[in-house]
1. Return a yes/no flag: does segment 43-57 have any residue that is in a strand (DSSP E or B) and either in contact with a Pro (Cβ under 6 Å, 6 or more places away or on another chain) or within 19 Å of residue 132 (Cβ to Cβ) (or both).
2. Just the residues that are closer than 15 Å to residue 110 by Cβ, in contact with a strand residue (DSSP E or B) (Cβ under 8 Å, 6 or more places away or on another chain) and open to solvent by less than 80 Å² (accessible area, probe 1.4 Å), please, taken from segment 27-59.
3. Quick check, is residue 22 surrounded by fewer than 15 Cβ atoms within 10 Å (Cβ to Cβ) and outside any loop (DSSP other than H, G, I, E, B)?
4. Scan segment 138-154 and report the pairs whose first residue is on the phi > 0 side of the Ramachandran plot and whose second residue is small (Gly, Ala, Ser), with Cβ atoms within less than 8 Å and a gap of 6+ or a chain change.
5. Quickly run through segment 58-110 and pick out the residues that are under 17 Å from residue 35 (Cβ atoms), in contact with a His (Cβ under 9 Å, 6 or more places away or on another chain) and among the hydrophobic types (A, V, I, L, M, F, W, C).
6. With the condition being at pLDDT 95 or above and open to solvent by less than 50 Å² (accessible area, probe 1.4 Å), I'd like the strands (runs of 3 or more DSSP E) fully within segment 62-162 carrying at least 2 qualifying residues.
Amino acid sequence: MPSVNPKRKILTLCVIHQKNHEQSRILLGMKKKGFGAGRWNGFGGKVEEGETVIEAAAREVREEAGVEPGPLTKRGILEFTFENDPVRLEVHVFSCDTFTGRPAESDEMKPEWFDESEIPYAHMWSDDSYWMPMLLSHKNFRGSFHFDRPSTADYQAKILKH
């Protein structure tokens, strides 16, 4: 169970990645509101009281993408900090290659498939280009990124340290 620490938030992120002999693609969502609005991202969010990290990741995929994920594989942990903000975000990153249902837009996200060679990194968080290739190669990772401030639809956060 995650500890309660006002200076640390435990979050999840799940990237649905399907690869076969003909195609490799990922499902991302355009964040419509809240933290990171206007950016493509995987599906995830806060771990609610009484949930495990993996339960939270699966719930967020259901809520944001409208699909029931198959088995989730933990790929990494990323820590994010921002200038003049004492809160550390600890994000547990998962991948998933199977699901049931059809991706559907939610209040928070608009899902869309991208060919692995056409991932829209310019419209994602600037750290994604560091760890996403490892996730797509089925490698585990751990990293930390210190930003100037959060990304928005009009602003790409600058990595000050990683």
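1. Among the residues of segment 43-57, at least one is in a strand (DSSP E or B) and either in contact with a Pro (Cβ under 6 Å, 6 or more places away or on another chain) or within 19 Å of residue 132 (Cβ to Cβ) (or both), which makes the answer yes.
2. Of the residues in segment 27-59, the ones closer than 15 Å to residue 110 by Cβ are 27-34, 36-43.
Among the residues that remain, those that are also in contact with a strand residue (DSSP E or B) (Cβ under 8 Å, 6 or more places away or on another chain) are: 27-32, 37-43.
Matches in segment 27-59: 27, 28, 29, 30, 31, 37, 38, 39, 40, 41, 42, 43.
3. On the way: surrounded by fewer than 15 Cβ atoms within 10 Å (Cβ to Cβ): yes; outside any loop (DSSP other than H, G, I, E, B): no.
So residue 22 fails the test.
4. The qualifying pairs are 138/95.
5. Hits for segment 58-110 are 78, 80, 82.
6. It comes to 72-82, 85-96, 109-115, 141-147.
The values are calculated or read from the model by the stated rules, or taken from the named source; none is laboratory data. All values reported here derive from a predicted model rather than from experimental measurement. Note that each Cβ is placed from the backbone with ideal geometry, even for glycine, and that neighbours are counted across all protein chains shown. Protein only, heavy atoms only, side chains kept; ligands, DNA and RNA dropped before computing areas. Shrake-Rupley method; radii C 1.70, N 1.55, O 1.52, S 1.80 Å.
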